[in-house]
Amino acid sequence: MISDFSDGMRIEGQFLLGNAAKSVNNLGSFYYTLELRDASGNIQGKKWEVTSEDEKILVAGNVIFVSGEVVKYRDALQLKILKASLVEEEDIDFTSLLTPPPVPKEELIKRLNGYVSSIKDEDCSALLNYFINKYKDKLYAYPAGVSVHHEYSSGLLTHLTSMADLGEYIASKYQPINRDLLITGILLHDIGKLIELEGLVVFHYSTEGKLLGHISLMVAEIKKAASELKIDSEIPMLLEHMVLSHHDKPEFGSPIPPMTKEALLLSMIDNLDSKMAIVTKALETVNEGEFTQKIYPLDGRSLYKHK
């Protein structure tokens, strides 16, 4: 694993390519600068001798089998790649490449199913079951984003169940609240990300994701589902509003602000859970008594990790 690398070590193994850049040196020869990842971390790699096959193999998102040597350059470890080959999908060791969620996936699925079965409102239940069944495989595996928060395996499932836990508690404190509507909105608000993102191991934005975004994609999905299920109550419209407004402000991606109690709570809970995930990740990288790097989703401030 990358976290175990030391200067002079000879290694062989599978790695995920996060980034790959082809450059030319002063002599006119091509070389590659690569970001290699596994579940324990990442390391920069260099491949100095480039072959015609490398252009097909050394592509961001590919899983490659590498033979190489760990060297120290400017006080940082770097991997000198001697040989690289593409790993076919059926041979990929996902457990060594993907960072697992903080809570086991099986427990997250159990919590999700518990919330789904607890919904008593017929229209909320019908829509929720429709989307869980439609996107179940992706929902169990996908991250909540590419890099900002919950960007690991089953990250979206972690985000949604954590939010549902908060929503369940908050709903009991600020009555009257339509608890079923709130929980359904929480569990559905980011399902559009399963269309917005695509990938096998490294996730990136799909063409639809880039052009439309997960908010508008999910509103269209709810309209379509309500039509197929022949739901004529205002529940679909209320859920569409919750999806449209969950980023709170236009500058954050929402075309309309929250205008129901449940939509306002969803927006606040989403902001809380995503921000705390960002903060937790940032604090993990520093020692006690030190400050984090600037956290741009927190207006660029640094946080202190107290002793």
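A few comments on the model shown:
- Dividing the helix sum by the residues of the chain, where each DSSP H run of 4 or more adds -39500 (n - 2.57), gives a mean residue ellipticity at 222 nm of -13500 deg cm²/dmol.
- Taking amide H positions as modeled 1.01 Å from N, with prolines and chain starts lacking one, the residues under 5 Å from Thr99 and 5 or more places away or on another chain are Ser153.
- With a Förster radius of 51 Å applied to the C-beta separation of Lys56 and Glu290, the computed FRET efficiency comes to 0.75.
- R0 of 25 Å, Cβ-Cβ distance Ser125-Glu198: FRET efficiency to nearest 0.05: 0.30
- Size-normalised alpha-carbon gyration radius of segment 177-307, reference 2.2 N^0.38 Å: 1.25
- In Å², nearest 10: area of Lys110 left accessible to a 1.4 Å probe: 140 Å²
- A crude spin-label estimate for the pair Asp165 and Val71, with each label 7 Å from Cα along the Cβ direction, gives 4.7 nm.
- What the Cα convex hull of segment 11-169 gives, in volume per residue, is 150 Å³.
- Crossing angle, helix 155-171 versus the chain [Cα axis fit, 0-90 degrees, rounded to tens]: 30 degrees
- GNM on the chain, alpha-carbon springs under 10 angstrom: the most fluctuating residue among Asp273, Asp137, Asp75 is Asp75.
- Lysines with Cα under 17 Å of Lys305, excluding same-chain neighbours fewer than 8 positions away: Lys275, Lys281, Lys294
- Potential lengthening between Lys46 and Ser23 on full extension [0.36 nm per residue; Cα-Cα distance subtracted]: 7.2 nm
- Around Thr33: net Lys/Arg minus Asp/Glu count, Cβ-Cβ under 11 Å: +2
- Local net charge near Gly209, Cβ-Cβ under 10 Å (Lys/Arg +1, Asp/Glu -1): -1
- Förster radius 25 Å - calculated FRET efficiency between Lys230 and Ser117 (Cβ-Cβ, nearest 0.05): 0.65
- In this rough spin-label picture, where each label sits 7 Å from Cα along the Cβ direction, the Thr33-Asp7 distance is 2.2 nm.
- Considering only the chain, percent of DSSP beta bridges that pair antiparallel, nearest 5: 90 percent
- Proximal charge balance of Ser245 [Cβ under 13 Å; K/R count +1, D/E count -1]: -2
- Convex hull (Cα only) mean projected area of the chain, reported in nm² to one decimal: 19.3 nm²
The values are calculated or read from the model by the stated rules, or taken from the named source; none is laboratory data. Note that the coordinates shown come from a computational prediction; the quantities given were computed from them, not determined experimentally. No Cβ is skipped: glycine too gets one built from the backbone with ideal geometry, and neighbour counts run over all protein chains shown. Only protein heavy atoms, including side chains, enter the accessible area calculation; ligands, DNA and RNA are left aside. Shrake-Rupley method; radii C 1.70, N 1.55, O 1.52, S 1.80 Å.
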